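Trainee: Okay, handing you the structure first.
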Amino acid sequence: MSKKAIITGITGQDGAYLAALLLAKGYAVYGIYRRVSTPNFWRLRALGIEEHAALTLIETDITDSSAVFALIESIEPDEIYNLAAQSFVPSSFTQPLATMHTNALGALHLLEAIRICNPKIRFYQASTSEMFGNTGSPTQNEQSPFCPCSPYATSKLYAHWLTINYAQSYQLFACSGILFNHESPLRGIEFVTRKITDSVAKISLGKIECLELGNLYAKRDWGFAKEYVEGMWQMLQYDTPETFVLATGKSYSIKEFVEYCFTLAKIPIAWENSGAREIARDERGIVRVRINPKYYRPSDVDCLIGDASKARKLLGWNPSCDLQQLCKLMLESDMQHNLRS
Ligand code: NAP
Ligand code: GDD
């Protein structure tokens, strides 16, 4: 009989890629989405799985503990992947309570339901490199100290420790993947990589003149989402519940990402000024990038570089997509979108 997996956050970037992976492996997948005024299954459609016979979409808000309990009781899954979250860091500053409800209490509801209904269910928690914050250590692995610098990171740290605590206290197979930034053509448009690739595509097609950004000097370790969901699955197939970091080990600034994209689009740019007055002009002198301080955050993580040696050694996880390939993939996809719309 095929294994049953629940994925919370099925309408998000990782939910869609993970669903495609599990369906390809023969799982029956139960995708959890919350009610919104207009259904948002476009990512499942983009991957060609929206109508898959083994995919069942179920409306449940993970902040509703009784609904979560009923869901797990009725489906009797083998595995649960908790990907649902308010995942946009700036919104966590303006909506800290809503962020905490979903990210922290959502995980609690799931773990409690597993403990009570069936402690044999394997549980994956989507932890994040944001939990490291500005720790000061040059690279981050499973032993690095946490120093969260946003309500988002703090809410995720609660869920992370709770997962470890439930594994230890109740002998659950509950584990966390601490994933560094991972992107794709299915990335939400407000995250910086997709915002840049979409804007550069629009500039290239003459649809907009200029891209506005915040902190150009933050550095991130960016990988390809499709390769990261493979690691999530591998964690739940491992012998024991363990925390694993998934990352590429290379870090680039937002400014470097911008430069790669303009180079790929064959629009040479040159930078001028500094601070909030920094701009980039093209060869005709048109300003193509400028700073808008509204994109600065109350506090930001300066530099993330992950060390995924443990996942490589124990899981055999080995991502191959580098930043240039990722940029190309995303830019080409956004060129196609913008040509069509
Ligand atoms: P995403 O695209 O923002 O997707 C988040 C998903 O959570 C969406 O399906 C969203 O539904 C759903 N959701 C939000 N609140 C919910 C609620 N109350 N009940 C049920 N569903 C709810 O995020 P992602 O990039 O796929 O990331 C997946 C997970 O990994 C998140 O937990 C994120 O925090 C974590 N993570 C991501 C990264 C990364 O770089 N992508 C790195 C580390 C960790 P709607 O579509 O209705 O909004
Ligand atoms: N979003 C955005 N928009 N970010 C900008 C902008 C802008 O206009 N300009 C500069 N940045 C900088 C941010 O200040 C931040 O330092 C960096 O770009 C990355 O921002 P995001 O792409 O929004 O991602 P994030 O690193 O804050 O969070 C993502 O990765 C985490 C893993 O480390 C999200 O996917 C989180 O959910 C995830 O946990």
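Trainee: Kindly indicate whether any position in segment 148-161 is within 25 Å of Leu47 (Cβ to Cβ) and modelled with pLDDT of 95 or more.
Mentor: No, there is no match, as no residue in segment 148-161 is within 25 Å of Leu47 (Cβ to Cβ) and modelled with pLDDT of 95 or more.
Trainee: What strands (runs of 3 or more DSSP E) completely inside segment 237-314 contain at least 1 residues that are surrounded by fewer than 17 Cβ atoms within 10 Å (Cβ to Cβ)?
Mentor: Answer list for segment 237-314: 269-272, 279-282, 287-291.
Trainee: Further question on the same structure: Exactly one of (1) assigned to a loop (DSSP other than H, G, I, E, B); (2) within 21 Å of Glu130 (Cα to Cα) is unmet by Gly206. Its number?
Mentor: So Gly206 meets the others, but not (2).
Trainee: Another one. Does segment 122-136 hold any residues that are of a type outside the set (Val, Ile, Thr) and assigned to a loop (DSSP other than H, G, I, E, B), and which are they?
Mentor: Gly133, Asn134, Gly136
Trainee: Let me ask something else. Which helices (runs of 4 or more DSSP H) sit wholly inside segment 1-107 and have at least 2 residues that are within 16 Å of ligand 2 (Cβ to nearest atom)?
Mentor: In segment 1-107, 13-24, 89-94, 96-100 are the helices (runs of 4 or more DSSP H) which contain 2 or more residues that are within 16 Å of ligand 2 (Cβ to nearest atom).
Trainee: Mind checking whether some residue in segment 38-49 is on the phi > 0 side of the Ramachandran plot and crowded, with 23+ Cβ neighbours inside 10 Å?
Mentor: no
Trainee: Any residue in segment 225-239 that's among the hydroxyl-bearing types (Ser, Thr, Tyr): show its pairings with residues that are part of a helix (DSSP H, G or I) at Cβ separation under 9 Å, as long as the two are six or more apart or on different chains.
Mentor: Tyr228/Asp14; Tyr228/Tyr17; Tyr238/Leu314; Tyr238/Leu315
Trainee: In segment 315-341, what residues are surrounded by fewer than 19 Cβ atoms within 10 Å (Cβ to Cβ), under 21 Å from Tyr217 (Cα atoms) and in contact with a Lys or Arg (Cβ under 9 Å, 6 or more places away or on another chain)?
Mentor: Asp322
Trainee: Name the single residue that is farthest from ligand 1 (Cβ to nearest atom) among those in segment 217-235 being part of a loop (DSSP other than H, G, I, E, B) and buried (at least 19 other Cβ atoms within 10 Å of the Cβ). If you could, list the steps in order and put the result at the bottom.
Mentor: Going residue by residue through segment 217-235, those that are part of a loop (DSSP other than H, G, I, E, B) are 217-218, 221-222.
From what is left, the residues that are buried (at least 19 other Cβ atoms within 10 Å of the Cβ) are 221-222.
Working: Asp221: 10, Trp222: 8 Å.
Across segment 217-235, the extreme among qualifying residues is Asp221.
Trainee: Continuing with the same structure: Just the residues that are more than 8 Å from ligand 1 (Cβ to nearest atom) and over 17 Å from Glu50 (Cβ atoms), please, taken from segment 6-28.
Mentor: Ile6, Lys25, Gly26, listed by residue number.
Trainee: Looking only at segment 283-325, filter to residues that are of a type in the set (A, V, I, L, M) and in contact with a Ser or Thr (Cβ under 6 Å, 6 or more places away or on another chain); which one of those is farthest from ligand 2 (Cβ to nearest atom)?
Mentor: Looking at residues that are of a type in the set (A, V, I, L, M) and in contact with a Ser or Thr (Cβ under 6 Å, 6 or more places away or on another chain), I get Ile305.
Trainee: Could you list all residues from segment 161-182 that are in contact (Cβ under 8 Å) with a residue 60 or more places away in the chain, within 30 Å of Thr94 (Cβ to Cβ) and not in a loop (DSSP other than H, G, I, E, B)?
Mentor: Ile164, Ser176, Gly177, Ile178, Leu179, His182
The values are calculated or read from the model by the stated rules, or taken from the named source; none is laboratory data. This is a predicted model, so every value here is computed, not measured. Counting neighbours? That spans all protein chains shown, and the Cβs are built from the backbone with ideal geometry, glycine included.
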